[in-house]
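What follows is a set of notes on a single structure, which appears directly below.
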Amino acid sequence: MKRIFAAVLIVMAVACWSDLSAEADWIRYSSPQGRYSILFPAQPGLSTSNDTPPQMIASSSDSNGIQYLASYLDMPPGKTFDFTKGREGLVNKMGGMLVYDNPITLGNIKGRSFKYFTPGPDGKGYNVNARYYRKGSRVYLLQMISAYNVSASAVSAAGRKYFDSFRIVK
C-alpha cells in the first residue's frame with residue numbers, strides 16, 4: 001500500500017512539473033492598445049489589415065503545426081457586431097464547413113466558440129478553432145489553425161492553454 005501511495009505521489013509530482021515547465025515555455029503577450037493578454041508558444045509577430053474598415057490588428061505565432069492568432073477591431077460608431085454573421089463570413093470566406101458553434105462567456109463578456117474545417121491551398125485540410133468576444137465596440141477574435149495531420153490530443157491541450165489564457169484588461 002505504501003508503494004502504491006509513493007508511486008501515485010511521484011506520478012502527480014511529474015505531472016505538475018510537466019504542466020509548470022510547459023507553461024514556462026509559453027510567452028505571456030500583452031497588447032496595451034488591444035487591452036488584452038494571452039499566452040503564445042513563441043514571441044508573436046504583429047500585422048494589420050488595411051483592406052476594409054474597420055481595421056483589424058493581429059498578433060500571431062506558430063509552433064508544431066499550429067498557428068495561433070489573436071486579433072481585435074473596433075466597430076464604427078452606430079454599428080454592432082453580430083456573432084452569427086461574423087462567423088458565417090469567416091467560414092464562407094475560407095470555403096469552410098462549420099463543425100460546431102456554441103455561446104460562451106469570459107466573466108460577464110459574451111462570446112462564441114466555433115470550429116470549422118477548411119481546405120488549404122496545398123490540397124490538405126485545416127481545422128480552425130476560434131472564439132469571438134465583444135466588449136463594448138471592441139471585438140476580439142482568437143484562432144488556432146492546425147494542419148490535418150496534427151494529433152487531436154496535441155490540438156486539445158494547446159487549445160486549452162491558449163484560449164483559457166486570454167484576458168481582457170482595462
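The number of residues in segment 144-170 being charged (D, E, K, R) and part of a loop (DSSP other than H, G, I, E, B) comes to 1.
Just to be sure before I move on: is Lys93 surrounded by 11 or more Cβ atoms within 10 Å (Cβ to Cβ) and modelled with pLDDT under 95 in the structure I sent?
Judged against the criteria, Lys93 is not a match.
Of all residues assigned to segment 71-91, none qualifies as being part of a loop (DSSP other than H, G, I, E, B), closer than 24 Å to Trp26 by Cα and among the aromatic types (Phe, Trp, Tyr). Scanning segment 92-108 for residues that are out of contact with any helix residue (DSSP H, G or I) (no Cβ under 8 Å at 6 or more places or on another chain), hydrophobic (A, V, I, L, M, F, W, C) and assigned to a strand (DSSP E or B) yields Val99, Ile104, Leu106.
When segment 43-85 is filtered for residues that are within 24 Å of Ala158 (Cβ to Cβ) and open to solvent by 70 Å² or more (accessible area, probe 1.4 Å), the ones remaining, listed by number, are Gln43, Leu46, Asp62, Asn64, Gln67. Close contacts from segment 87-107, counting a first residue that is aromatic (Phe, Trp, Tyr) and a second that is modelled with pLDDT of 95 or more, with Cβ to Cβ under 7 Å and a gap of 6+ residues or different chains, come to Tyr100/Phe114; Tyr100/Lys115. Val128 is checked against (1) on the phi > 0 side of the Ramachandran plot; (2) in a strand (DSSP E or B); (3) of a type outside the set (D, E, K, R) and fails just one. What number does that condition carry? If we test Val128 against (1) on the phi > 0 side of the Ramachandran plot; (2) in a strand (DSSP E or B); (3) of a type outside the set (D, E, K, R), just (1) comes out false.
Return a yes/no flag: does segment 122-135 have any residue that is buried (at least 16 other Cβ atoms within 10 Å of the Cβ), without any contact (Cβ under 8 Å) to a residue 24 or more places away in the chain and touching a Gly at 6+ places or on another chain (Cβ under 8 Å). The answer is yes; a qualifying residue exists.
Would you call Lys170 of a type in the set (Lys, Arg), under 28 Å from Asp25 (Cα atoms) and surrounded by 13 or more Cβ atoms within 10 Å (Cβ to Cβ)? No: the conditions fail for Lys170. Condition check for Gly111 on (1) open to solvent by less than 20 Å² (accessible area, probe 1.4 Å); (2) outside any strand (DSSP E or B): one failure, at (2). Pairing each residue of segment 65-85 that is within 13 Å of Val139 (Cα to Cα) with any residue that is charged (D, E, K, R), provided the two are 6+ apart or on different chains, yields C-beta distances under 7 Å for Tyr72/Arg138; Asp74/Arg138; Phe81/Arg134; Phe83/Arg112.
The values are calculated or read from the model by the stated rules, or taken from the named source; none is laboratory data. Remember, predicted model here, so these are calculated numbers, not experimental data. We place every Cβ from the backbone using ideal geometry, glycine too, and count neighbours over all the protein chains shown. Remember, those area values only see protein heavy atoms, side chains included, never the ligands or the DNA or RNA. Shrake-Rupley method; radii C 1.70, N 1.55, O 1.52, S 1.80 Å.
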